[in-house]
Amino acid sequence: MTMTEQRPTTEALSVSEAIQTRRSIRKYVQEPMNQDDLHEILRLASLAPSAWNAQTWRFAVVQNPELKARLQEAAYGQGQVTNAPAVIVVYSDMEDTLNTVEETAHPGMGDEGRTGQRKTFNGAFGGQDTAQRGAWGLSQANIAFGFVMLAARGLGYDTVPMLGFQPDKVKELLGLPEHVQFAGLLPIGKRAEEGFPHHRHAVERITKFY
Ligand SMILES: Cc1cc2nc3c(=O)[nH]c(=O)nc-3n(C[C@H](O)[C@H](O)[C@H](O)COP(=O)(O)O)c2cc1C
């Protein structure tokens, strides 16, 4: 364990345990989120990979009860938004990514790396409009969205991914710019219901082996 890693306050699950015990939970124990755990979940999620290390994802954490109530309205009244002690909003901000792209060049590559990173992104996205490059940014943020769910479960928390909400209303509530794109809302807390067991395609149904 290095200096930057934090010890979780609960015993961490293995990756396999986290995947197998994750299920969508819509009723939570009514207690505030442990803020250290919350931070650790976001730190773990931020270790997700992305093309050219672009890290297009951004997080907004809503714990304020009034704001959660307004978020619930924007989510067609879905009860899990206010039932959870916190809601992590995962979105991509491709414009911020492009404006600050040198930050994502690995420091080991020095000035050359930073210049190269700028050239790469200008070449790839310079000819695209905001919506086109925003879609690419979202594809990267979706990876982090998955990481948040598993990091949360790994530390003993539960979540439910949500796309059932009005994006423009959520942008307005959180003061986010028009160009951002949402991976989803993620109510998070300790489970107070069991949820549904997994119902999934068999591997053979969804896989071709060559
Ligand atoms: C991108 C995405 C959007 C979803 N949106 C909603 C939603 O708005 N409301 C909801 O109750 N569940 C939502 N779900 C949860 C799914 O219904 C759930 O993940 C799926 O049925 C599988 O169940 P499980 O998560 O318990 O394994 C969403 C899931 C995903 C991945």
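Filtered by the rule that a residue be farther than 22 Å from N34 by Cα and open to solvent by 10 Å² or more (accessible area, probe 1.4 Å), segment 133-153 gives R133, A135, W136, L138, S139, Q140, N142, I143. The residues listed here are Q30, Q63, Q72, Q80; of these, the one that is surrounded by fewer than 18 Cβ atoms within 10 Å (Cβ to Cβ) and within 23 Å of G175 (Cα to Cα) is Q63.
Residues are listed down the side, and each one gets a yes or a no for (1) within 23 Å of P197 (Cα to Cα); (2) modelled with pLDDT of 95 or more; (3) within 16 Å of the ligand (Cβ to nearest atom):
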| residue | (1), (2), (3) |
| --- | --- |
| P8 | no, no, no |
| S14 | yes, yes, no |
| K27 | yes, yes, yes |
| P32 | no, yes, no |
| E40 | no, yes, no |
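Within segment 83-114, which residues are loosely packed, with under 15 Cβ neighbours inside 10 Å and in contact (Cβ under 8 Å) with a residue 12 or more places away in the chain? Within segment 83-114, E102, H106 meet the criteria. Taking segment 13-28 as the region of interest, how many residues are closer than 19 Å to L185 by Cβ and more than 19 Å from the chain's Cα centre (by Cα)? Of the residues in segment 13-28, 2 are closer than 19 Å to L185 by Cβ and more than 19 Å from the chain's Cα centre (by Cα).
In summary, helices (runs of 4 or more DSSP H) completely within segment 93-201 and bearing 2 or more residues that are over 30 Å from I25 (Cα atoms) and not charged (D, E, K, R) occur at 94-99, 110-125, 130-154. Scanning segment 74-114 for residues that are away from the ligand (no atom under 12 Å from the Cβ), over 21 Å from the mean Cα position of the chain (by Cα) and closer than 30 Å to R153 by Cβ turns up just one, H106.
L44 meets each of the listed conditions (1) away from the ligand (no atom under 16 Å from the Cβ); (2) touching a Lys or Arg at 6+ places or on another chain (Cβ under 9 Å); (3) under 24 Å from L185 (Cβ atoms) apart from (2). Scanning segment 154-170 for residues that are more than 11 Å from the ligand (Cβ to nearest atom) and open to solvent by 20 Å² or more (accessible area, probe 1.4 Å) gives G156, Q166, P167, D168, K169.
When T207, T159 are checked against the criterion of being closer than 30 Å to W52 by Cα, over 16 Å from the mean Cα position of the chain (by Cα) and β-branched (V, I, T), a single residue qualifies: T207. Applying the criterion of being away from the ligand (no atom under 15 Å from the Cβ) and closer than 26 Å to S139 by Cα to the residues of segment 179-203, the residue that is surrounded by the most Cβ atoms within 10 Å (Cβ to Cβ) is V180. Pairs are defined by a Cβ separation below 7 Å, a sequence spacing of at least 6 or placement on different chains, a first member in segment 189-202 that is more than 16 Å from M149 (Cα to Cα), and a second member that is away from the ligand (no atom under 11 Å from the Cβ) and not β-branched (V, I, T); the pairs so defined are A192/K27; A192/Y28; E193/K27. Checking each residue in segment 59-73 for being of a type in the set (D, E) and either within 16 Å of A183 (Cα to Cα) or more than 16 Å from the ligand (Cβ to nearest atom) (or both) picks out only E66.
The values are calculated or read from the model by the stated rules, or taken from the named source; none is laboratory data. Note that the structure is predicted; figures quoted are calculated from it, not measured. Counting neighbours? That spans all protein chains shown, and the Cβs are built from the backbone with ideal geometry, glycine included. For the accessible areas, the whole protein counts, side chains as well, though only heavy atoms, and no ligand, DNA or RNA atoms are used. Shrake-Rupley method; radii C 1.70, N 1.55, O 1.52, S 1.80 Å.
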